[in-house]
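The values are calculated or read from the model by the stated rules, or taken from the named source; none is laboratory data. The shown structure was predicted, so the numbers you read here are calculated from the model rather than taken from an experiment. No Cβ is skipped: glycine too gets one built from the backbone with ideal geometry, and neighbour counts run over all protein chains shown.
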Amino acid sequence: MNGATVLLILLPIVAGFALLHHRRLLAVLGMSVFSLLLAAVFLLAGAPDVAITEAAIGAALSTFVYILAIRRAGRLVVAACDVPGLVHEDRGVVTGVEVDLLKLLARSAGLDLVVQLMPPDEVMTAVRRGDADVGAGGLLAGEECPGMARGPVHLPTARFAVRRRHGGDRSTAVRPFRGEMADLIESARRGEAIAVELDLARLLVLTRACAAEFDIIREREDAGYAFVVAERRQDLLQRLTAELELARRSGELEQLVRRHLA
Amino acid sequence: MRVRHLALPTIACTLVTAFCAVVWHGFSLEGSRRVDVSPWVESAKTLGAGNVVSSIILGVRLMDTLVEVLVFAVAVLGVRYFLELPHGRARAEEIPESHLVAVSSAILLPLILVIGGYVTIYGHLSPGGGFSGGAIVATGLLLVAAGVGVERISARFRETALERAEWGTLVGLLGLLLLPIPFGRLPLTDLLPRGTPGALLSGGTVLPYNLLIGTKVVLGSWVIIHHFLRHRGEI
């Protein structure tokens, strides 16, 4: 078996790899290898001019153009606020139930997951502007979000009225908390009066971080965490819904909750 | 659903396999059954260029090459026209590149430029030419654009000057093509001396044609890269 025969056998195999591989980057690299092999075939066939052009355009130029295109379109950009357990950055690594769920979605769509952490009020703006594909980080299903579509509830939670026992009056009205958890923890440590409505993940963060005693009343049971996507991204919403359903049925969601929130 | 997804890759793989089978069959043919190209080689050799392919595409088949260049120019014009950003529309945000890519692109760029220049300038003596050399240089520019950001590079060039240079090379090509007419010779006729075969300054007009085509390909590719990169992928 001579060199040309080996190359000609390899060509369909590499072409099949490039066509069938789920990850776009590897598919593009497969195309690049295909072009290099083809250039070698041209060289063996006595056409070095064609081989040089094939290598320059097929293996180098178009591969770069594809890679740059993937960097723009081949990413699932998630705008999220930091809520430990759901989305949390620890020593440069972002983990949490929601991050792992979105990893499943990204893998099924052949995209690379990019999580951008930002203050809660900027998450919606980023998704609405198109800077991010999905909004995450303990977003509650019932809240108003014009121009956006919510995914299904992936994790049920309750809402808790949290008041500081020694600082505030028990009858003080509570308001849903929209700020950053770090600020709330800081003001709790300083002994300021607190009267907020929190979901389970945020409540856990507050009570674990701050030893102060709180007056906690379970208020509403019907709440749940859900991702948001821009209204025009119905394709993404459908894929998200299908992936969450799959994770729920396969028991993967339960494992994730046990791993990150237990 | 799954079958429909697999249909296209299967067809494509079958075509590639068929292509490989045909090429393999061509390799296995006896020498006597191959096409005899010696008459073309003989006619190309009269131009004095060492690379027979360059002699053919920039000599006896020069008109084909010129039409190819025109097709490329029209493609660049199309990209420029259709990807022109409407007034007030935001440009795509720059995606920060890793330090590794930025540094390696700076190291690789001179190497790529030298190889691209060599392939273009020696296109009439060794394999290569204006098209492939221009594509190599354009790849180098693309690598740097990916490494340090397209807007930072484009800030160093003036858009109008680039546009003029691009059309200037096209006019230069046509001028070189029509230059023999004032001298009472037919268009496309070789005017420059043949030189010593194998020397850098040989092959008549093949070398200037290669240089002009290489410049045109680099400038045109840069316009395409620049317009593609500053868009969000939507027209």
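Please work out which one of (1) among the charged types (D, E, K, R); (2) farther than 19 Å from A:Val83 by Cα; (3) surrounded by 13 or more Cβ atoms within 10 Å (Cβ to Cβ) is the condition A:Asp235 fails and give its number.
Unmet for A:Asp235, out of (1) among the charged types (D, E, K, R); (2) farther than 19 Å from A:Val83 by Cα; (3) surrounded by 13 or more Cβ atoms within 10 Å (Cβ to Cβ): (3).
Looking at region B:123-135 only, could you name the residues that are more than 19 Å from B:Leu229 (Cβ to Cβ), assigned to a helix (DSSP H, G or I) and within 9 Å of chain A (Cβ to nearest Cβ)? Quick ask: steps written out before the conclusion?
Step one: of region B:123-135, the residues more than 19 Å from B:Leu229 (Cβ to Cβ) are B:123-133.
Now narrow it down to the ones that are assigned to a helix (DSSP H, G or I): B:130-133.
Across region B:123-135, the qualifying residues are B:Phe131, B:Ser132, B:Gly133.
Being in contact (Cβ under 8 Å) with a residue 60 or more places away in the chain and over 15 Å from the mean Cα position of the chain (by Cα) is the filter; apply it to region A:212-232 and report the residue that is nearest to A:Val78 (Cα to Cα). Write out each step before concluding.
Start the filter on region A:212-232 by keeping residues that are in contact (Cβ under 8 Å) with a residue 60 or more places away in the chain, which leaves A:218-231.
Retained after the next criterion (residues that are over 15 Å from the mean Cα position of the chain (by Cα)): A:218-224, A:231.
Details: A:Arg218: 30, A:Glu219: 30, A:Arg220: 28, A:Glu221: 27, A:Asp222: 26, A:Ala223: 22, A:Gly224: 19, A:Glu231: 15 Å.
Looking at the filtered set, the residue picked out is A:Glu231.
Are any residues in region A:1-23 part of a helix (DSSP H, G or I) and polar (S, T, N, Q), and if so, which ones? Write out each step before concluding.
Taking region A:1-23 first, the residues part of a helix (DSSP H, G or I) are A:3-20.
A:Thr5 - this is the single residue of region A:1-23 that is part of a helix (DSSP H, G or I) and polar (S, T, N, Q).
Kindly establish whether A:Thr53 is buried (at least 21 other Cβ atoms within 10 Å of the Cβ), part of a helix (DSSP H, G or I), within 14 Å of chain B (Cβ to nearest Cβ) and hydroxyl-bearing (Ser, Thr, Tyr). Reasoning before the result, please.
Details: buried (at least 21 other Cβ atoms within 10 Å of the Cβ): yes; part of a helix (DSSP H, G or I): yes; within 14 Å of chain B (Cβ to nearest Cβ): yes; hydroxyl-bearing (Ser, Thr, Tyr): yes.
In short, yes.
May I ask you to list pairs of residues, at least six apart or on different chains, whose Cβ atoms are under 8 Å apart, with the first in region A:11-32 being of a type in the set (A, V, I, L, M, F, W, C) and the second being outside any helix (DSSP H, G or I)?
Pairs that qualify, where the first residue is of a type in the set (A, V, I, L, M, F, W, C) and the partner is outside any helix (DSSP H, G or I), are A:Leu25/A:Gly74; A:Leu25/A:Asp112; A:Ala27/A:His21.
Residues in region A:71-88: is at least one crowded, with 20+ Cβ neighbours inside 10 Å, modelled with pLDDT of 85 or more and in a helix (DSSP H, G or I)?
No: zero hits.
Out of (1) surrounded by fewer than 19 Cβ atoms within 10 Å (Cβ to Cβ); (2) assigned to a helix (DSSP H, G or I), the odd one out for A:Gln116 is which?
With (1) surrounded by fewer than 19 Cβ atoms within 10 Å (Cβ to Cβ); (2) assigned to a helix (DSSP H, G or I) applied to A:Gln116, the lone miss is (2).
Among the residues of region A:68-80 satisfying the criterion of being in contact with a strand residue (DSSP E or B) (Cβ under 7 Å, 6 or more places away or on another chain) and of a type in the set (A, V, I, L, M, F, W, C), which is nearest to the other protein chains (Cβ to nearest Cβ)? Explain how you work it out, then say what you get.
Initial filter on region A:68-80 (in contact with a strand residue (DSSP E or B) (Cβ under 7 Å, 6 or more places away or on another chain)): A:74-80.
When the remaining residues are screened for being of a type in the set (A, V, I, L, M, F, W, C), the result is A:76-80.
Values: A:Leu76: 14, A:Val77: 10, A:Val78: 15, A:Ala79: 14, A:Ala80: 18 Å.
Per the stated criteria, the residue is A:Val77.
Just wondering, is there one or more residues in region B:87-99 that are of a type in the set (A, V, I, L, M) and at pLDDT 80 or above?
no
Out of the residues in region B:156-186 that are among the β-branched types (Val, Ile, Thr) and free of Cβ contacts under 8 Å to residues at least 24 places away in the same chain, state the one that is surrounded by the fewest Cβ atoms within 10 Å (Cβ to Cβ).
Within region B:156-186, the subset among the β-branched types (Val, Ile, Thr) is B:160, B:169, B:171, B:181.
Those left that are additionally free of Cβ contacts under 8 Å to residues at least 24 places away in the same chain: B:160, B:171, B:181.
Numbers: B:Thr160: 8, B:Val171: 11, B:Ile181: 11.
The extreme case among them is B:Thr160.
Just for strands (runs of 3 or more DSSP E) wholly inside region A:167-236: which have at least 2 residues that are of a type in the set (D, E, K, R) and at pLDDT 80 or above?
Filter on region A:167-236 gives A:195-199.
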